[in-house]
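K.L.:
I have a structure here, written as structure tokens, and I will follow up with some questions on it.
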């Protein structure tokens, strides 16, 4: 039943999944559900899809949920599900940032594994508390930094770890978008509204929304700690209280240098996430817009176009592909890879087994690192770009 | 519950789906299953996944099928499912070409809608007979020429139909691959073996396997009939009995000219499907390798990069997208679009309603056209490239 | 004095050059002059730049020619220059096709080396006669199929010759333009006028103008004879008497197959010359629009981006580069390479020496081949695409 | 005699040119000479091509200089040429950085126009002194920041000035190379040796060599002053005393932000100069590797591929092109555009006329700005990246 390296054999059966948020009008909830469906490892059986009872009901019905498992209150849902023999094993939390913590505590307490959107919380302190709660719960906590699910990103990490780049010297990562170039939040656009609102987004605007993705992606590939950063956050949109542009210089533990740019005011960029890593022996370049290719440039040799599933693929990427090279995979497949790896970990956890070789997904530690990154960037920027420890 | 233009609301519930072929070791069966799962419109509940009883059983179990709905004989499956109150409504036939006809007749007779891989049959005569059977059955028959599911391909068709290209003059379509450059079929590779075997593939090698895709894609976009072709089929692989390279010139009903190239011996090409259409006013270029972009060149103006879901998207493509522009979609999403449109048609058929605006998928007519194309190409090539009517 | 592999040392001094055609309003004459100036090997000292005395004079003065060496009659120029002690050694003929033969005969007779634009003549018979005249003259005759001057084209030829592609199976070459999509020749556009006029262009329209370039480029790289072709020539422009679109299939002496497309009615194409060559071991892809890169795809390995002057450069390309890799060279440098190689051959001819290793340029034989190609294509198209020997 | 917008008519005759530096083994001297030859505006008639008498003589002879105008001492050359009736009008100084000032003073004093390589001097103080000397001399002083000669760079500047980008908010400019990734200077490589030597290069390594190009290019296009910078200079090469990597954040007078990256240790980059400018209305992206294309992204519309000489070209770029769109121009044509514009200015200066509309080239002011940039960057980096005024 192989689909590329992935299989849709569902040994262990399907995991009963719940969802908090993601009702009518939401975007990312649908992405999570699709990702859960893709390889057949989950059944969505319960949801508190909205705090509005009517909307919660309509949304649950549209998804075919049983009426008694449609909730408008995540606390109630956690309790009710915990009490059922066929209660959910895992929950996906797909709410705005300020509603990540509440459901997480509720479901961990109910013994349910948690899959949560990023950034983790509104502050680093909150993140650290949550980490303690996760650790004492013994439950799995996964953060959907989905870009780490792309097969070639997995391969990049493996190549860096194997020394194929030599000693790493430079990291250039960027995530430009253009959707907030104009004052979109003033026109009733919901996604824009909460993203520019400190009460719902936290201290970072573009910083938290996409800067954390850029940071996490580079961190995932490079595997060396950023020790300090110098940041210049700007709000170009008139009246905008959070940054919509992030310029940043990075210093790594091994002496490497880096640059990070995240922007929501850069016309012509839809989701221009791109990372370049340069070592003493070679470099890698990968961009999300065409994620099935990666440039590998060994010093003194012609650049090679590595393709997902193509010549020279290794196990790190091969195990998370579904179709042959030349048939492009995309954002949803990468997102689903995170879900599938979580499923494999959950199934292993049932018996205390180790997850299969190669299973990986972002954890509470990545969430804490992301919050530390946000706080350091805000602090540096307020200190006129002074180098600030992470 | 919007995911881009698509929704995972499953009004009408899930369609009970069966599958013929696609057991252990098969590739395309898994693609069909994933496509059926993607938007939640289907439940796979029965299968004759292999003619080998053991393999059929193991494969069915791995997919979580109920033991009484695991078959090793599609005739038996058709009868048994027809007799059940909860029998399948639709079946996916994912076997090699020579096993398309048998299951199709069996399931149509059982009142089951059919989703079948291409090319349709082993001969044009067989195809015409099947068309008669489909028409008299009143059932839906869908052919998975999946490339017509890509959003930008849908948009290209809409643009051509709306006259944005002017009068069409030229069509250049190609589908090069490289996997049969060496004698792969002599090394026990199953996919290679049946594709070079006339008994299982029919009269066309690369012609039937990928040439038909190229032809169908151009046909879908351009919407003008090819009236005659001049073909030069070659078998470069030593001892290979079917063509592995197709050169072809095309003439269209309106006087347009075209060129079609399909090859399985072109190193450096994974699945290099690409189409270019030139009219009196503008041209379009689309390639499968990076399907989220399409070049639109209005005469005398700069070329514009159209993106899936990006500026200027129209309803034809917007309704079949799941994620925002800049988050790439791929082969599986395009394939799933075919499945979802079939689902919407099946649900409409339950009540005799018309399918929603924009629903489209290849039908038995496309299958017949594909077989006519294969036969004309073989005939032309045997006549040393003489122009041959389609 | 090295400029890349090329030097502007002018051992042997400058060659005295004359020009026929290329006066005010001409384009290609200026390209020839610039190419002659680039490496310092020539001095333009005489010209019959126009048949109109006034225009000839104004043009000659603008270029700083001595008044006594400004002619309005190439016959007179040939005689006068032959009689001077400091007469020209070489002449560049940059007139429309129907004025290639006259000056060639005149200057060969005067003992002057000839550099002539393509296509050679108006007919194959004329071309063969000219070949006889060239051979009996003992003078150098060079045809400016300039694309063979691009360093990476030289490298492609060397790689093919060295067997790096294995046995060649497929050649796909194309040269689309869009400038004749509308009826430009009806608006007083001089370049358009003579190119659609059989009396001035010969039997081929797009065929002679750019089809010959495509054919010559493929021929230069592959080095295997095309034995027969099947062509479909079309005139899309209303009232146009010569073809503006060429579709063609090719058969090579070794059994290889090919396809050639040339068009002047393909919106979005400025000068889209592109060639792809596939062998049993690897393929090469090169496009004029970005001539500093070439894709090399060894079977079963990642595609490599070869750059002009970059890693892995060989002598064939290195000797004709002027600036380091990463600083792009273009059309004029390629054209100048032809001129410089001609200069080296002329200087060698002074003493009967062999030209330096690697010197190459298209000759009268290429001109004859081009005319044979045009005639065969016209003949095939008139015979409804019948395979026609070259 | 039009060659695109440019002409090789040499109204005003040729300018007598001298050269300091650029003898055997030098690279950039040959580039200057070729640029001077390209449009026919200069005659190289004198040179102090090397301080070594033998080498100076051999080099001069190879270029066809008259023996009495071959010098090994630029002071002597300045005096001798000033005394000749046919003395040089202009001199090109193509020596390493520490030998820019001496010849400049000598030739200005001799009444000769100066064309000088960048960066200007070894310190900002020196640069200011030179500016005073230039101004009091009344001679033309041109600095060969050659990238401003690319036609599409000219167009980008014109578009920004015309408000087509709206208010500029962001500038991302980078110039990565890879040639110093290894310790090349320890292997006897001359170009590498002087570039890592503070005595010959000044305070900046990659900063002065290519960082100034990046800064100048952005400055040329954007036309808004950088007010302060925060820089992090690194020397990755073992024992290297000058920076080989530059990370920098920029702040502009209008509140815009920017990022500049220059590196000589980034494998896979030959000369990866690239600039992106984002305004409230649109963005532009241009890269030197393929300089005939520029991406123009108006907010909310598809990205447009602008081509040199293609649809929508304006006078700023059209006047400095030589061949039609689709025939690529490159580095040498861009460099030659600087030389030709200088020639037009010199010819105008003869009579005190204004140069023709559109003539532009970098001047002593750009040289001073470049030195101020280098000094501020070094100062900022030594102050641990503190924001430093320019």
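Residue-wise test of (1) touching a residue at least 24 places away in the same chain (Cβ under 8 Å); (2) more than 8 Å from chain D (Cβ to nearest Cβ).
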position	(1), (2)
C:17	yes, yes
C:34	yes, no
C:51	no, yes
C:64	no, no
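K.L.:
Do you know which residues across the range D:220-239 are in a loop (DSSP other than H, G, I, E, B), within 14 Å of chain A (Cβ to nearest Cβ) and surrounded by fewer than 20 Cβ atoms within 10 Å (Cβ to Cβ)?
P.N.:
Matches in the range D:220-239: D:235, D:238.
K.L.:
Right, next: What do you reckon, is residue A:283 at pLDDT below 95, surrounded by 20 or more Cβ atoms within 10 Å (Cβ to Cβ) and in the same structural domain as residue A:255 (by TED's automatic domain parsing)?
P.N.:
Numbers: at pLDDT below 95: no; surrounded by 20 or more Cβ atoms within 10 Å (Cβ to Cβ): yes; in the same structural domain as residue A:255 (by TED's automatic domain parsing): yes.
For residue A:283, the condition - at pLDDT below 95, surrounded by 20 or more Cβ atoms within 10 Å (Cβ to Cβ) and in the same structural domain as residue A:255 (by TED's automatic domain parsing) - is not met.
K.L.:
Scan (1) without any contact (Cβ under 8 Å) to a residue 60 or more places away in the chain; (2) facing chain C (nearest Cβ under 9 Å); (3) in a helix (DSSP H, G or I) for the single condition residue D:29 breaks and write down its number.
P.N.:
(1)
K.L.:
Return a yes/no flag: does the range C:94-107 have any residue that is surrounded by 22 or more Cβ atoms within 10 Å (Cβ to Cβ) and closer than 25 Å to residue D:43 by Cβ.
P.N.:
yes
K.L.:
Let me ask something additional. Within the range B:32-60, work out how many residues are more than 22 Å from residue B:146 (Cβ to Cβ) and part of a strand (DSSP E or B). Give the derivation first.
P.N.:
Residues of the range B:32-60 that are more than 22 Å from residue B:146 (Cβ to Cβ), as a first pass: B:45-46, B:48, B:50-60.
If we keep only those that are part of a strand (DSSP E or B) as well, we get B:45-46, B:48.
The total comes to 3.
K.L.:
Then there is this: Condition test on residue B:202, is it surrounded by 24 or more Cβ atoms within 10 Å (Cβ to Cβ) and on the phi > 0 side of the Ramachandran plot?
P.N.:
Values: surrounded by 24 or more Cβ atoms within 10 Å (Cβ to Cβ): yes; on the phi > 0 side of the Ramachandran plot: yes.
So residue B:202 passes the test.
K.L.:
Select, from A:342, A:305, the only residue that is in contact with a strand residue (DSSP E or B) (Cβ under 7 Å, 6 or more places away or on another chain) and outside the structural domain of residue A:160 (by TED's automatic domain parsing).
P.N.:
Details: A:305 fails: outside the structural domain of residue A:160 (by TED's automatic domain parsing).
The unique qualifying residue is A:342.
K.L.:
Related question: Quick one: is residue C:343 farther than 21 Å from residue C:94 by Cα and not in a loop (DSSP other than H, G, I, E, B)?
P.N.:
On the way: farther than 21 Å from residue C:94 by Cα: no; not in a loop (DSSP other than H, G, I, E, B): yes.
Here the answer is no, as residue C:343 does not meet what is asked.
K.L.:
Across the range C:352-390, which residue is surrounded by the most Cβ atoms within 10 Å (Cβ to Cβ) among those that are outside any loop (DSSP other than H, G, I, E, B), in contact (Cβ under 8 Å) with a residue 40 or more places away in the chain and within 14 Å of chain B (Cβ to nearest Cβ)?
P.N.:
C:377
K.L.:
Could you go through the range A:251-265 and let me know if any residue there is in a loop (DSSP other than H, G, I, E, B), at pLDDT 95 or above, within 14 Å of chain B (Cβ to nearest Cβ) and in contact with a strand residue (DSSP E or B) (Cβ under 8 Å, 6 or more places away or on another chain).
P.N.:
Of the range A:251-265, the ones in a loop (DSSP other than H, G, I, E, B) are A:253-256, A:264-265.
Those still in the list that are at pLDDT 95 or above too: A:253-256, A:264-265.
Right, trim to within 14 Å of chain B (Cβ to nearest Cβ) and you get A:264.
Those still in the list that are in contact with a strand residue (DSSP E or B) (Cβ under 8 Å, 6 or more places away or on another chain) too: A:264.
Checking the range A:251-265: at least one residue is in a loop (DSSP other than H, G, I, E, B), at pLDDT 95 or above, within 14 Å of chain B (Cβ to nearest Cβ) and in contact with a strand residue (DSSP E or B) (Cβ under 8 Å, 6 or more places away or on another chain).
K.L.:
Separate question: Criterion first (under 22 Å from residue A:169 (Cα atoms) and either within 12 Å of chain A (Cβ to nearest Cβ) or touching a residue at least 24 places away in the same chain (Cβ under 8 Å) (or both)) does residue D:207 satisfy it?
P.N.:
Details: under 22 Å from residue A:169 (Cα atoms): yes; either within 12 Å of chain A (Cβ to nearest Cβ) or touching a residue at least 24 places away in the same chain (Cβ under 8 Å) (or both): yes.
Yes: the conditions hold for residue D:207.
K.L.:
To continue, here is another question. With (1) touching a residue at least 12 places away in the same chain (Cβ under 8 Å); (2) within 14 Å of another protein chain (Cβ to nearest Cβ); (3) surrounded by fewer than 18 Cβ atoms within 10 Å (Cβ to Cβ) as the list, and residue D:135 as the residue in question, which single condition is left unmet?
P.N.:
The failed condition is (2).
K.L.:
If I ask for residues that are modelled with pLDDT under 95, more than 9 Å from chain D (Cβ to nearest Cβ) and surrounded by fewer than 22 Cβ atoms within 10 Å (Cβ to Cβ), which ones from the range C:297-343 would you list?
P.N.:
Residues satisfying the conditions are C:311, C:312, C:313, C:314, C:315, C:316, C:318, C:319.
K.L.:
Let me ask something else. Being surrounded by 19 or more Cβ atoms within 10 Å (Cβ to Cβ) and closer than 22 Å to residue B:230 by Cβ is the requirement here; does residue C:276 meet it? Before the answer, list the steps.
P.N.:
Working: surrounded by 19 or more Cβ atoms within 10 Å (Cβ to Cβ): yes; closer than 22 Å to residue B:230 by Cβ: yes.
The answer is yes for residue C:276.
K.L.:
Let me ask something else. Given the criterion farther than 30 Å from residue C:327 by Cα, in contact with a strand residue (DSSP E or B) (Cβ under 9 Å, 6 or more places away or on another chain) and either in the same structural domain as residue C:272 (by TED's automatic domain parsing) or surrounded by fewer than 24 Cβ atoms within 10 Å (Cβ to Cβ) (or both), identify the matching residue among C:165, C:217, C:242, C:184. Steps first, please.
P.N.:
Numbers: C:165 fails: farther than 30 Å from residue C:327 by Cα; C:217 fails: farther than 30 Å from residue C:327 by Cα; C:184 fails: in contact with a strand residue (DSSP E or B) (Cβ under 9 Å, 6 or more places away or on another chain).
The conditions single out C:242.
K.L.:
Does the range A:284-294 contain at least one residue that is away from chain B (no Cβ under 14 Å), over 26 Å from residue B:291 (Cα atoms) and free of Cβ contacts under 8 Å to residues at least 60 places away in the same chain? If you could, list the steps in order and put the result at the bottom.
P.N.:
Start the filter on the range A:284-294 by keeping residues that are away from chain B (no Cβ under 14 Å), which leaves A:284-285.
Checking the rest, the ones that are also over 26 Å from residue B:291 (Cα atoms) come to none.
No - not one qualifying residue is present in the range A:284-294.
K.L.:
Please go through (1) part of a helix (DSSP H, G or I); (2) under 28 Å from residue D:261 (Cβ atoms); (3) at pLDDT below 95 for residue A:186 and return the number of the only condition it doesn't satisfy.
P.N.:
In the conditions (1) part of a helix (DSSP H, G or I); (2) under 28 Å from residue D:261 (Cβ atoms); (3) at pLDDT below 95, residue A:186 misses (2) alone.
The values are calculated or read from the model by the stated rules, or taken from the named source; none is laboratory data. Source: prediction; values computed, not measured. We place every Cβ from the backbone using ideal geometry, glycine too, and count neighbours over all the protein chains shown.
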